[in-house]
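Participant: I'd like to ask some things about the structure below.
The values are calculated or read from the model by the stated rules, or taken from the named source; none is laboratory data. These figures come from a predicted structure and were not determined experimentally. Counting neighbours? That spans all protein chains shown, and the Cβs are built from the backbone with ideal geometry, glycine included.
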């Protein structure tokens with residue numbers, strides 16, 4: 001008897017037409033009262049989400065502008081320092097008449113500048129032949145960089161700043177800034193070049209990072225598709241080159257892959273005297289990098 005009664009109740013529930021009029025009226029009144037509230041709540045939710053997104057976008061824009069301003073100030077300060085050095089009477093007099101004693105005096109001045117400004121990796125004075133006649137980095141001293149864009153532009157009487165690049169000698173990321181040195185008659189007699197470390201720029205960007213939800217990076221203005229700076233990836237690439245390649249291989253990879261110089265020109269710049277020149281060095285470097293990348297990928301998969 002109970003089972004039959006329960007079955008009847010279930011059948012009546014599934015047929016709204018058989019519901020009592022009181023139940024129908026109650027449900028209708030509830031729907032009439034709740035439906036406008038639900039529509040209003042949905043509308044308010046949509047507007048709230050749009051407002052939050054707009055606020056977050058404005059905050060990101062302000063953060064990007066602030067970060068760009070800090071980086072611009074960093075580079076501007078280093079550029080002003082290079083301008084000061086390029087117009088200093090001692091540097092002008094030295095390039096007009098280089099001497100051994102003058103070289104040591106200029107080197108002491110440059111070392112003092114680098115010591116006072118930790119953002120500078122090294123600085124050098126170049127003659128019109130492209131030789132680094134004075135440099136705070138011993139590995140740079142005496143080398144020829146006439147093929148570099150920053151030297152060519154300085155010889156035309158104009159200052160020049162690169163993007164963030166990995167130097168062939170230093171093997172670390174940084175920004176080069178060059179300024180021509182002029183004699184009293186306005187003739188170009190050399191250039192002052194500074195290399196600003198990329199680390200301070202990376203730290204500025206890292207301060208804006210929030211997990212994987214907000215990742216900062218820089219874009220080269222000459223190539224909008226080129227990623228210039230992601231602090232973690234940049235450090236990983238530098239480590240990969242330093243840990244697996246010899247200094248000569250690092251320079252060869254840079255000159256060939258980034259400077260786009262012909263193999264013969266790379267051979268000449270590096271002073272290679274072997275039969276195959278830079279070709280064998282490049283092949284060895286690429287094979288080492290391939291194996292290193294494979295080892296790293298295998299380690300990540302196991303992790």
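Participant: Run down 72, 93, 68, 64 and say which single residue is at pLDDT 85 or above and assigned to a helix (DSSP H, G or I).
Facilitator: 93
Participant: Sort out which residues of region 99-119 are part of a loop (DSSP other than H, G, I, E, B) and touching a strand residue (DSSP E or B) at 6+ places or on another chain (Cβ under 6 Å), and write them in order of number.
Facilitator: 119
Participant: I've got another one for you. Which residues, taken from region 140-170, are outside any strand (DSSP E or B) and either within 25 Å of residue 202 (Cα to Cα) or touching a residue at least 60 places away in the same chain (Cβ under 8 Å) (or both)?
Facilitator: Within region 140-170, 140, 147, 148, 149, 150, 159, 167, 168, 169, 170 meet the criteria.
Participant: Residues to consider are 173, 135, 191; find the one that is in contact (Cβ under 8 Å) with a residue 60 or more places away in the chain and under 23 Å from residue 249 (Cα atoms).
Facilitator: Unique residue meeting the criteria: 173.
Participant: In this structure, is residue 274 surrounded by fewer than 16 Cβ atoms within 10 Å (Cβ to Cβ), outside any helix (DSSP H, G or I) and at pLDDT 75 or above?
Facilitator: yes
Participant: Which of the following residues is exposed (fewer than 14 other Cβ atoms within 10 Å of the Cβ) and farther than 20 Å from residue 190 by Cα: 104, 65, 121?
Facilitator: 65
Participant: Out of the residues in region 200-254 that are more than 26 Å from residue 292 (Cβ to Cβ) and part of a strand (DSSP E or B), which is modelled with the lowest pLDDT?
Facilitator: Ranking the candidates gives 219 first.
Participant: Could you check, for region 173-185, whether at least one of its residues is in a loop (DSSP other than H, G, I, E, B), at pLDDT 80 or above and loosely packed, with under 13 Cβ neighbours inside 10 Å?
Facilitator: The answer is yes; a qualifying residue exists.
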